Ligand code: BYC
């Protein structure tokens, strides 16, 4: 492995392992973009806490044995760097029409527009999530959680840098324009919203934050895996390194929800409550009842499914044929990697019923990735349900049917229950409050969101984590709040 690639150059303003100091033009473009980024971070990044010392992990190498170090940093001083996984020697394009040809080190002209679009969409989600989460610091349930929020935020910031590097290095003037536009759009803005639906929704409270990092960051994982297969090698290497950081984001979501469920079960047991659906009694304990957790889950899972695009998509087929976007674990799949005659069962709406129909596998790639995603989602849910059953309660959290609450794809024009039974508009309007959080639910959760800033202390509605970050003890001061 090339040592230059592993070690990060800190001598330029922008830490990197892409030899920026010898790439004057790109360095200049990035340095030109930097002030706008800092302005964006100040305007749209975490509200408050910018002068606080936060115990953050910073990527300093791409060596899998030790790629990050932990230290107290003020967020605006975080070293957002450009890090690509090491180049694999003789890497070949692993799928599509160019299967087996050497991976591209430059953008192939015929696929330029397609590639740029994918990089821009990926880039757009990163700052969007920071914008969605910017107010959460004020209501963090502990310093541990506050630190995790900020860790996720600075790394999403770094992922934006990663995409901007690709745009500025490989896409010339229009790449630079796209890079500027990434700082111009705003989550939820009427005139200039972020590109994908879920990134314009609100993240109103910490339960939503955990659901978002569990479900929406997991879409990120699947999409990054697909792009990590790309025949365009710089994109592949960038995404491979981003995935290293992404794992922590999903850990925050998974363990966050586990801790909420744990606390609810503990409180119900202590109070001798036998029916978890007795919402009023459970809420009186200052914890979030399981049916409300299920509603939040329904909402975030369905919003995240929309991020996979339409089940049948020629965009997806074209990107695969071109060798630009592959399948999850492409290189581990045993087939021709070209999908010449293959089919894939796609869930479709036929005469008012959801049925699996075989479609050409090429156009069904979004569906396939979404199925892989669903399988991945189920794993964490098993852990949450284990907490509930171990506490002795007969209640199961479940993923809603894919037809439920959709805005993209086959089911966007119909209404369905979480069990997948199609219903009319009137029934939906009457009953939706049973399935997705109502205003009342939102207000109840909001009433619990009072900040806890004493080291080692946690809000009433969430259990302490099993282990600290970087093995720190339970009362570690993860954020030194500036007063
Ligand atoms: N919202 O053929 P179709 C992450 C548009 S998350 C709005 O169905 P395609 C992260 C589509 O653009 C991962 N519009 O879909 C997580 C197209 O419009 P045009 C982000 C949508 O193209 C947490 C039209 O509908 N990365 O990293 O096969 C925190 C027909 O498109 C939506 C990526 O998504 C939607 N949900 O697939 C931080 C990877 N869905 O062009 C970060 C890159 C579809 O006809 N993106 N449309 O005007 C892609 O691979 C694909 O573009 C999509 C859509 C999967 C998004």
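Just so it is clear, none of the values below were taken in a lab; they were calculated from the coordinates. Treat the numbers as computed from the prediction; the structure is a model and nothing was measured. Don't worry about glycine lacking a Cβ; one is built from the backbone with ideal geometry, like all the others, and counts go over all protein chains shown.
The alpha-carbon atoms of the range 337-381 define a convex hull whose volume equals 78 cubic angstrom per residue. Here the sum of -39500 (n - 2.57) over DSSP H runs of 4 or more residues, divided by the residues of the chain, equals -14500 deg cm²/dmol at 222 nm, to the nearest 500. How many angstrom separate the Cα center of the range 85-112 from the Cα center of the range 312-341? Between the Cα centres of the range 85-112 and the range 312-341 lies a distance of 14 Å.
Eigen-decomposition of the gyration tensor built on the alpha-carbon atoms of the range 8-148 gives equivalent ellipsoid semi-axes of 32, 19, 17 angstrom, largest listed first.
With no solvent and one point per C-alpha, what does the Debye sum give as log10 I(q)/I(0) for the range 223-333 at q = 0.21, 0.23 Å⁻¹? Each listed q maps to, in turn, -1.12, -1.23. Counted over the range 422-478 with a bin width of 10 Å, the fraction of Cα pairs per bin, in whole percents, is 18, 30, 20, 18, 12, 2. Only Cα sites of the range 120-176 enter the Debye sum here, all with the same form factor; the resulting log10 I(q)/I(0) across q = 0.16, 0.26, 0.30 1/Å is -0.55, -0.96, -1.12, listed in q order.
For the chain, relative contact order (Cα pairs under 8 Å, six or more residues apart, normalised by length) works out to 19 percent. As an equivalent ellipsoid, the range 329-483 spans semi-axes of 39, 26, 15 angstrom, where each value is the square root of five times an eigenvalue of the C-alpha gyration tensor, largest first. Among beta bridges from DSSP that stay inside the chain, the antiparallel ones total about 90%.
Between the alpha-carbon centres of the range 203-279 and the range 401-454 there is a gap of 19 Å. Computing FRET efficiency as 1/(1 + (r/R0)^6) for residue 466 and residue 105, where r is the C-beta to C-beta distance and R0 is 45 Å, gives about 0.50.
Temperature 25 °C, viscosity 0.890 mPa s: under these conditions the Stokes-Einstein estimate for the chain, based on its Kirkwood radius over C-alpha pairs, is 104 µm² per second.
Hydrodynamic analysis of the range 278-413 uses the Kirkwood radius over alpha carbon pairs. Inserted into Stokes-Einstein at 37 °C and 0.692 mPa s, it gives a translational diffusion coefficient of 191 µm²/s. For the range 415-483, the relative contact order works out to 18 percent when only alpha carbon pairs closer than 8 Å and six or more residues apart are counted. With both residues required to sit in the range 1-129, DSSP beta bridges show an antiparallel share near 90%. Do you know the relative contact order of the range 392-447, to the nearest whole percent, from alpha carbon pairs under 8 angstrom that are 6+ apart? Result for the range 392-447 is 22 percent.
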